[in-house]
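Everything on this sheet refers to the single structure shown next.
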Amino acid sequence: LRPDSNADDAPAAGDTVVDVPAGTGDATYEVVIRNGAFAQLGELARRLSRAHRFAVIADDRVAALHGSGALAALRNVGDCDLFVFPAGEANKTRETWAVLTDALLQAGCGRDVCIVALGGGVTGDLAGFVAATYLRGVPLLQVPTTLLAMIDASVGGKTAVDVRAGKNLVGAFHAPRGVIIDPDLLATLPDVELRNGLAEAVKHGAIADAGYFAWIEAAGASLLERDPQDLQQLIRRSVEIKAAVVARDPLETGERATLNFGHTAAHAIERCTGYEVAHGQAVAMGMAIEAGLGERTGVTAAGTSARLRSVLSELGLPGRLPAGLDPRAVLAATATDKKVRNARVRWSLISRIGVAARSSQGEWTLSAPDEIVLESLAS
Ligand SMILES: NC(=O)c1ccc[n+]([C@@H]2O[C@H](COP(=O)([O-])OP(=O)(O)OC[C@H]3O[C@@H](n4cnc5c(N)ncnc54)[C@H](O)[C@@H]3O)[C@@H](O)[C@H]2O)c1
Ligand SMILES: [Zn+2]
């Protein structure tokens, strides 16, 4: 037992607990992975946040499915209100941030409130940015409900909203007090959203662990059938990989950029299509395209893009741009990505499956000529 826990809410046998550094100091937060954790949300939230007042932020779909469960659990340990916004990436905006922060003020939430982000990555990023800015920053708990948010978005403390100029361009680092993952919540998740999450798991294998990548290749069918043990193993391994990268570079001054593999293209695709293409789908396309870019520039081992396309197709994910999307428009949209430096777009590439690429100067991002980017987007 940890010294400050009591027997009721201490990590239980069978839990996976991953400790993640909260920033540059010594503080860490727990990622608790436990089937059935949602029913114990009150006790877990209380222990991790130390708060007595909670404001749950959820999109309308998640609120309808799991809002009353969250309220009931949290009201066991304190006051709790639910704040709802319309689902979808198109609502991850400053406008929704303004509506939510006004509603919190209206409800009289003070500095003692703990924001609970209940939902997918859109909710995590948006509610996280609310927590980072409300009254100059209040505690945050992440309670992810999509596979993508469980394995990627909820861990690492990045929060943001999208603006007209591009995705995630206004935000803050704001580490949560804890992340509570209940894989049972995936029972209500549509198949297409499950696949979107698997795209980020493929990314974790591709940048950091060839053995994990091969395991995903082998387990593809059972993951799609939602085998509980395989899903739990996937969540655990992906959280470990993400946490390890974040631990070495919490504020993304270097190695953390490797988590952006596939994302320079993905963000451009999302923006070009008005966010009609979901993040996970865009990441799938982006990884295959960026592996092709790496192969064409001599950074990535030959055959990597083909291997990615094969596992992605096995998982029901796309490996190419949607028909009708002009590669030149995507190229143009890459120019506003955050990794643009000295007017050059920076790409986070891999050298082979399981190994992120570094430039000869040791940099984690690389630039590439437009003609080769265009060729990779079109292939
Ligand atoms: N901060 C980070 O480090 C980070 C990392 C990766 C991705 N992201 C961000 O995450 C976002 C994508 O997240 P996402 O794919 O989870 O999208 P999302 O939050 O829009 O969720 C997808 C859909 O699933 C629904 N949903 C969520 N949980 C459900 C459940 N249990 N049952 C039924 N329906 C459910 C939602 O209402 C939504 O319609 C993007 O904005 C991306 O930029 C952030
Ligand atoms: Zn992502």
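Relative to the compact-globule estimate of 2.2 N^0.38 Å, the Cα radius of gyration of the range 318-375 comes out at 1.26. Across the options 146, 135, 223, the greatest Cα extent toward the positive end of the charge dipole of the range 131-239 (unit charges at beta carbon of Lys, Arg, Asp, Glu) belongs to 135. Highest mobility in the GNM of the chain, judged by mean-square fluctuation with C-alpha springs under 10 Å and restricted to 302, 175, 55, is found for 302. Please build a GNM for the chain, connecting alpha carbons under 10 Å apart, and tell me which residue among 70, 323, 39 fluctuates the most. Answer for the Gaussian network model of the chain: 323.
What is the sum of charges, Lys and Arg at +1 and Asp and Glu at -1, for the other residues whose Cβ falls under 10 Å from the Cβ of residue 270? Summing Lys/Arg as +1 and Asp/Glu as -1 gives -1. About its Cα centre, the dipole of the range 122-193 is roughly 500 debye, where the only charges are +1 on Lys and Arg Cβ and -1 on Asp and Glu Cβ. For the range 162-298, the square roots a ≥ b ≥ c of the C-alpha gyration tensor eigenvalues yield an a/c under 1.5, which makes the shape rounded. For residue 349, the amide hydrogen comes within under 5 Å of the amide hydrogens of 357, 366, counting only partners 5 or more places away or on other chains and with H modelled in the peptide plane.
Each Lys and Arg Cβ is given +1 and each Asp and Glu Cβ -1; about its Cα centre, the range 313-379 then shows a dipole of about 300 debye. Model label points for residue 378 and residue 214, set 7 angstrom from Cα along the Cα-to-Cβ axis, are 3.7 nm apart. Let a ≥ b ≥ c be the square roots of the eigenvalues of the Cα gyration tensor of the range 236-379; is it rounded (a/c under 1.5), or, if not, prolate (a/b larger than b/c) or oblate? Rounded. Less than 12 Å Cβ to Cβ from residue 69, Lys/Arg counted +1 and Asp/Glu -1: what total charge do the surrounding residues give? For residues surrounding residue 69, the net value is -1. Over every Cα atom in the range 1-122, the radius of gyration and the widest Cα-Cα span, Dmax, amount to 15.4, 44 Å.
Each distinct pair of alpha carbons in the range 129-191 adds a 1/r term; the inverse of their mean, the Kirkwood radius, is 12.8 Å.
Within a Cβ distance under 13 Å of residue 201, other residues only, what is the Lys/Arg minus Asp/Glu net charge? My count for the surroundings of residue 201 gives -2. Taking the chain as a Gaussian network of alpha-carbon nodes connected by springs under 10 Å, the highest mean-square fluctuation of the residues 239, 299, 20 belongs to 299. Over the Cα atoms of the range 256-320, the radius of gyration divided by the Kirkwood radius equals 0.98; this is the Rg/Rh ratio. Sorted on the mean count of surrounding Cβ atoms within 10 Å across their residues, most packed first, peptides 131-138, 218-225 read 131-138, 218-225. Among rounded, prolate and oblate, which fits the chain when a ≥ b ≥ c are the square roots of the eigenvalues of its C-alpha gyration tensor, a/c under 1.5 means rounded, and a/b larger than b/c means prolate? It comes out prolate by the Cα gyration axes.
Under a 5 Å amide H cut-off, with hydrogens placed 1.01 Å from N, residue 336 pairs with nothing among residues at least 5 apart or on other chains. Computed from backbone phi with θ = phi - 60° and the Karplus coefficients 6.51, -1.76 and 1.60, the 3J(HN,Hα) list for the range 158-167 is 8, 10, 5, 10, 8, 10, 4, 6, x, 8 Hz; x is used for glycine and proline.
Annotation: amide H-H contacts under 5 Å for residue 80 (H modelled 1.01 Å from N, sequence separation of 5 or more, or interchain): 54. About the centre of its Cα atoms, the chain shows a dipole size close to 820 debye [charges on the beta carbon of Lys, Arg (+1) and Asp, Glu (-1) only; nearest 20 debye].
Just so you know, all these numbers are worked out from the coordinates, no wet-lab data involved. Keep in mind the model is a prediction, meaning the values are calculated, not measured. Glycine also receives a Cβ, built like all others from the backbone with ideal geometry; neighbour counts cover every protein chain displayed.
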